[in-house]
Amino acid sequence: MDCSLELFEVQFLLGSMACDADIGPLGGSGFVGVGRDVSGTDITISDLVNHETPPIDISPERVRIHSGSPTFSERYARMATDLALVEPNSDELTPLGEAVATAYEDAIDISFDTFIEQARDQTVSGSFLTAFSGSGCACSLSAAEIQLFRRLFFGLSELSRTGNDQTLTFTETPPSHPADLEPVFERYRRATTDVGVDSVLDVVAVQGDVEFDTEVTSALVSRFAEGQPIFARGSLLFVLGLGAQHNADRDMPVMGDLDQIADVWALHNLARRFVGVNEQLLELLIEVVRLLEPATPQDVARTVVSTDAFTQTFAAVPADVTITLPDSDTQTTGLQPLWQAATYGEWFLTQPTVSLEPAGDAIHNEASEAVLSWTDIRTRLERGNDQPRFSLDKRAPWALFHLFDTAVDRATSAAQTGDNRSALAAAGEAVSLAAQLFARWQTWHDTYLATPEREALAAWVEAQFAAPPANATQPTDQPLSPRFLWAFPYDTTQPVADIMAAYLETWIVRRYVRVMYRKYRNNGRAPTFLTMNEVGELFYEQSYRTAGPNPNIYKQVADVLCELDLIETNDRNDIQVTGEGRAIVDRLCSEVPCE
């Protein structure tokens, strides 16, 4: 009888899903936070996890957890190889894989023979699931497994290979620079000078993670040369260190040894924010089309930048930006302040509000405001050029984005209620704020990232972010990244209104139309939000709402830390570092205070 891999997967999955049952350790809030039942029956997971439940059929005809029949190599081999659990192009375990497998086998209360017997019978019993869910579920790591993974995640292990022999050893001596990314950055900088393979290996060896010799397999070279263990370790330490400081109510976070990984997260957050702003500009312009239809892309863009609000907002920022901090009873918790610290280098201990108060006509009636150049607005926003990251002040991207986000909401709401005048005014304000946000990001790049001492970091960034399009006047399908701003294709002495009109027309409206009609040609699916007729006129179809960037990307890091008992819970709204977590930060990051 067939004893395929999928039959073992079904047993493991059903046992792990016990967490979704009311009787499970998470009380009905398991993998996806919802109750589950068995499709086509009235059987629930709670029913299955019961000693009295008779064996149920798990044959491939009855239970499918994926389409098709992927093999081990198709589903797991690459992931397991990347984690150094199996040998490249093989299902043979590495010493690390053997250590993990042994720890898991020792932790569960069921022998593997039971798995084999049920796979042969193509059944699974309630008594098996009850026993397995107590110790084998993916959410229940044993003390031995936790200790093993802590050592692996935080650099207290070494994986070396000589000839055909590969060895995993553990050490109580922490790496001298646990989150030092300079060797990884340096690899990219040196790659631009046609560095050879031997030099790349020399750079990687400096990290202290792995001892290389000439017989290291290419897969291991690739994995460790990319610095993946360093990034993972640095990110875990980063969240732990920031969380401990926030728990201690520190007014300002101290990056210390984590300064480089903070740069990486700041850049990552910047890229996500840039994509999010462009999505919101599309959301905004769809509503403008609703007001103007039929209208050409040029008409839509020009209408927005011709509003009084577009011009007046340049005069109001930053003089009339107000940041209000409420009483301490609204203290920020969880991932939000950690996200602020990663992006801006500081956090608010209380949840602030930001507003743009309209200034008097004496400021707004200056005719010269209408011909502000891009260089002019950059000059107005320059501040704190020596700061490693953005600050939380009224000139910072934090404040500018919140004002932009609010203006987009006002514009879409007004358009949907037929208040054309208010909608266009709010749209002009939003586009003005987007321009200032872009200009602030440019200033930060030029005064911080594009400096000789950060040449290696800049080279790494170049490799991570999409290159700017070769022709700024023609939309392409390729994604935009902050590198578009850093290699700005427009003449910055030109009026900012002209530059933003060209950007909106080309990279927001025409790019959307291009991508949507390409999809229409490929799969017959008509554009959802905007359509264009044969003479190039746009028509509104339906509104578009963006989810917007949020700090949930840290949730996966929080999940790992929680499973390692380094934070109390994986609740994204309440990150409380345990004593063991603070001890790891104290041990590995001497410059990061935890109290």
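The values are calculated or read from the model by the stated rules, or taken from the named source; none is laboratory data. Everything numeric here is computed off the predicted structure, so don't read it as measured data. Positions of Cβ are generated from backbone atoms using ideal geometry, with glycine treated the same way; all protein chains shown enter the neighbour counts. Ligands, DNA and RNA are stripped out before the accessible areas are found, and what is left, the full protein with its side chains, is counted by its heavy atoms. Shrake-Rupley method; radii C 1.70, N 1.55, O 1.52, S 1.80 Å.
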Let me spell it out: the conditions are (1) among the hydrophobic types (A, V, I, L, M, F, W, C); (2) closer than 21 Å to Leu281 by Cα; (3) at pLDDT below 90, and Val408 meets all of them except one. Which number is the exception?
(3)
Filter segment 467-496 down to the residues that are open to solvent by 30 Å² or more (accessible area, probe 1.4 Å) and under 30 Å from Gln260 (Cα atoms) and list them by number.
Ala467, Pro468, Gln478, Pro479, Arg483, Trp486, Ala487, Phe488, Pro489
Qualifying position, being closer than 25 Å to Glu98 by Cβ, open to solvent by less than 20 Å² (accessible area, probe 1.4 Å) and touching a residue at least 40 places away in the same chain (Cβ under 8 Å), among Phe132, Phe128, Phe153:
Phe132
So in segment 85-108, with the set limited to residues that are touching a residue at least 24 places away in the same chain (Cβ under 8 Å) and among the hydrophobic types (A, V, I, L, M, F, W, C), which one is surrounded by the fewest Cβ atoms within 10 Å (Cβ to Cβ)?
Ala107
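Yes/no per residue for (1) on the phi > 0 side of the Ramachandran plot; (2) touching a helix residue (DSSP H, G or I) at 6+ places or on another chain (Cβ under 8 Å); (3) at pLDDT 80 or above:
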{"site": "Asn278", "(1), (2), (3)": "no, yes, yes"}
{"site": "Glu287", "(1), (2), (3)": "no, yes, yes"}
{"site": "Thr296", "(1), (2), (3)": "no, no, yes"}
{"site": "Val304", "(1), (2), (3)": "no, yes, yes"}
{"site": "Asp308", "(1), (2), (3)": "no, yes, yes"}
{"site": "Val321", "(1), (2), (3)": "no, yes, no"}
Tell me, please, whether a residue that is at pLDDT below 80, outside any loop (DSSP other than H, G, I, E, B), surrounded by 13 or more Cβ atoms within 10 Å (Cβ to Cβ) and touching a helix residue (DSSP H, G or I) at 6+ places or on another chain (Cβ under 9 Å) can be found in segment 50-73.
no
Please specify each residue of segment 386-402 satisfying the condition of being in a helix (DSSP H, G or I) and either open to solvent by 60 Å² or more (accessible area, probe 1.4 Å) or at pLDDT 90 or above (or both).
His402
Within segment 407-444, residues being acidic (Asp, Glu) and open to solvent by less than 40 Å² (accessible area, probe 1.4 Å) number 1
Which ones in segment 556-595 are of a type in the set (Gly, Ala, Ser) and either modelled with pLDDT of 80 or more or open to solvent by 70 Å² or more (accessible area, probe 1.4 Å) (or both)?
Gly579, Gly581, Ala583, Ser590
Filter segment 499-550 down to residues that are of a type in the set (Asp, Glu) and part of a loop (DSSP other than H, G, I, E, B) and give me whichever is modelled with the highest pLDDT.
Glu537
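One line per residue, one yes/no per condition, for (1) open to solvent by 10 Å² or more (accessible area, probe 1.4 Å); (2) assigned to a helix (DSSP H, G or I):
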site	(1), (2)
Leu282	yes, yes
Val288	no, yes
Gln298	yes, yes
Arg302	yes, yes
Phe310	no, yes
Phe314	no, yes
Pro318	yes, no
Which condition does Arg233 not pass, out of (1) modelled with pLDDT of 80 or more; (2) assigned to a helix (DSSP H, G or I); (3) over 20 Å from Arg454 (Cα atoms), if it passes all the others?
(1)
Mind checking whether some residue in segment 412-427 is in a helix (DSSP H, G or I), within 17 Å of Arg290 (Cα to Cα) and either touching an Asp or Glu at 6+ places or on another chain (Cβ under 6 Å) or not assigned by the TED database to the domain that holds Pro489 (or both)?
yes
Collect the residues in segment 74-102 that are modelled with pLDDT of 75 or more, of a type in the set (Gly, Ala, Ser) and assigned to a loop (DSSP other than H, G, I, E, B), keeping them in residue-number order.
Ser90
Filter result (of a type in the set (Val, Ile, Thr) and either in contact with a strand residue (DSSP E or B) (Cβ under 7 Å, 6 or more places away or on another chain) or under 29 Å from Ser125 (Cα atoms) (or both)) within segment 74-110
Val86, Thr94, Val100, Thr102, Ile108, Ile110
